[in-house]
Amino acid sequence: MEAAPPVLKLLAHDVRWRLVKALAQSDRRVGELVNLLDVRHNLVSYHLRLLREAELVSERRSSRDARDVYYTLEPDAVRDALNHAGGHLAASPAGARPVLFVCTGNSARSVMAEALLRDATRGTVPVASAGTQPQGVHPVALRVLTGRGVATEGLHSKGFDELGDQAFETVITLCDIVREQCSTFPAHSRLVHWSIADPAAVAGSPSQVRAAFERTADDLSKRIAALTAAYRR
């Protein structure tokens, strides 16, 4: 089994995590960190060294007294390291191409996911969607995608028969009901489940329905960002 990304192990330590939080608020000297964390000087120095070696923290001599050293958190480095680690959550399907999104009607969630992943990867990742009971693409789904600048040409609701003999290494179900039917998918496919509520089931005014689809698009976009992080490595 793959080991956890180094940054997760690094920040999982209580002292190092507290150091990062303290430095996120202000640059500090060792003595200040010792007092703030109530940890021995040698331990603070040791953990600061590990953070510096990982390039998450930098040091700078004080312009007032060169004997003093200020430690600074490098937020961009921390963010990039954590984003890279987040990509490992999608690392198993990183080479899983093509990708198939599945829900019941293939009218909203799965068809939106298909368009969003294709857009996020500029078409470099083969992707399709299907439904166990295709019902036609919901018009609000198309409007939301178009409003985000995502191409919708060719998007249509389809059943598994229309996929022919295409092989999908990763099958992502977006409907809890469909997940119970995973046995219908090829045994060699890696099955992933994203539990997302059906926006088409929301009753209310047009603005309320639109808001539900926008929330679904937001949720899908976040999940797809994590998925595509693996493709960019």
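When region 150-179 is limited to residues that are under 24 Å from the mean Cα position of the chain (by Cα) and open to solvent by 60 Å² or more (accessible area, probe 1.4 Å), the one that is farthest from P206 (Cα to Cα) turns out to be E169. Evaluating F213 against the criteria (1) more than 14 Å from S107 (Cα to Cα); (2) open to solvent by less than 80 Å² (accessible area, probe 1.4 Å) leaves one unmet condition, (1). The condition of being open to solvent by 60 Å² or more (accessible area, probe 1.4 Å) and touching a residue at least 60 places away in the same chain (Cβ under 8 Å) does not hold for Q133.
The values are calculated or read from the model by the stated rules, or taken from the named source; none is laboratory data. Bear in mind the structure is a predicted one, so any value in this text is a computation, not a measurement. Positions of Cβ are generated from backbone atoms using ideal geometry, with glycine treated the same way; all protein chains shown enter the neighbour counts. Side chains are part of the model used for accessible areas, which takes the heavy atoms of the whole protein and leaves out ligands, DNA and RNA. Shrake-Rupley method; radii C 1.70, N 1.55, O 1.52, S 1.80 Å.
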